Amino acid sequence: EVQLVESGGTLVQPGGSLRLSCAASGLSFNRYWMSWVRQLPGKGLEWVANMNQDGSERHYAVSVKGRFTISRDNAKNSLYLEMNSLRAEDTAVYYCASDGFDIWGRGTVVTVSS
Amino acid sequence: DVVMTQSPLSLPVTLGQPASISCRSSQSLVYNDGNTYLNWFQQRPGQSPRRLIHRVSIRDSGVPDRFSGSGSGTDFTLKISRVEAEDVGVYYCMQGTDWRAFGQGTKLEIK
């Protein structure tokens with residue numbers, strides 16, 4: 001069964017940092033571009049970042065550029081999102097997805113609040 | 001940046017009746033390779049998004065044939081020929097031609 005499982009979401013203070021992980025199984029992870037997508041509470045979907053198969057190409061939404069870093073470890077079939085200088089407006093459910101968006105995880109909740 | 005605009009944002013539909021959602025992009029979504037990277041997603045309450053259609057009109061595996069996508073350039077449409085109760089949720093278009101951008105979402109509900 002193809003599966004993406006996110007983890008690492010929690011309550012963090014404004015200005016803090018957090019690292020999200022996404023574990024992939026049932027797919028040839030090293031063949032896929034991968035993305036992070038977030039959904040603010042009660043709102044729509046926002047693409048956050050993506051990365052190519054070997055990590056040599058990465059792209060970010062303007063709202064997170066310079067604060068978030070996407071990375072991957074193909075040996076561990078894992079995708080990561082390092083989030084720094086977190087703001088209240090980063091509060092969201094964060095989804096890991098294949099960059100063709102045919103495979104999605106169930107999401108992990110990040111809450112930025114004091 | 002490409003901006004995706006959906007309409008309507010709320011769509012009450014009677015069971016068995018058709019439904020249509022429009023999605024417009026601020027610039028052409030035709031990529032250098034000649035393909036148009038426009039996807040449609042369904043997000044049922046409490047669930048992750050699910051891709052229904054990719055490249056404008058290609059239905060994903062397991063998607064009922066009452067769902068269809070059409071359009072070109074900057075104007076795209078998702079149609080449901082006969083709405084069923086399980087179709088309740090929010091529908092998003094998303095472009096993958098110039099990085100990635102989602103529409104605001106259209107909430108489909110049963111009248």
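Since every read-out is calculated from the coordinates, none of them should be taken as a lab result. Just so it is clear, the model here is predicted, and its values are computed rather than measured. Positions of Cβ are generated from backbone atoms using ideal geometry, with glycine treated the same way; all protein chains shown enter the neighbour counts.
Here are some notes:
- Any hit, the range B:60-70, residues being of a type in the set (D, E, K, R), surrounded by 13 or more Cβ atoms within 10 Å (Cβ to Cβ), away from chain A (no Cβ under 14 Å) and within 11 Å of the chain's Cα centre (by Cα): no
- Residues in the range A:73-102 that are within 14 Å of another protein chain (Cβ to nearest Cβ) and touching a Leu at 6+ places or on another chain (Cβ under 6 Å): 3 in all.
- Tally of residues being of a type in the set (S, T, N, Q), within 12 Å of chain A (Cβ to nearest Cβ), surrounded by 14 or more Cβ atoms within 10 Å (Cβ to Cβ) and out of contact with any helix residue (DSSP H, G or I) (no Cβ under 8 Å at 6 or more places or on another chain) across the range B:34-52: 3
- Residue within the range B:20-33 that is within 21 Å of A:M34 (Cβ to Cβ) and within 11 Å of chain A (Cβ to nearest Cβ) present: no
- Count of the range B:96-105 residues which are more than 10 Å from every other protein chain (Cβ to nearest Cβ) and touching a Phe, Trp or Tyr at 6+ places or on another chain (Cβ under 7 Å): 1
- Matching residues, the range A:25-61, being assigned to a loop (DSSP other than H, G, I, E, B), within 12 Å of chain B (Cβ to nearest Cβ) and within 15 Å of the chain's Cα centre (by Cα): A:W33, A:L40, A:A61
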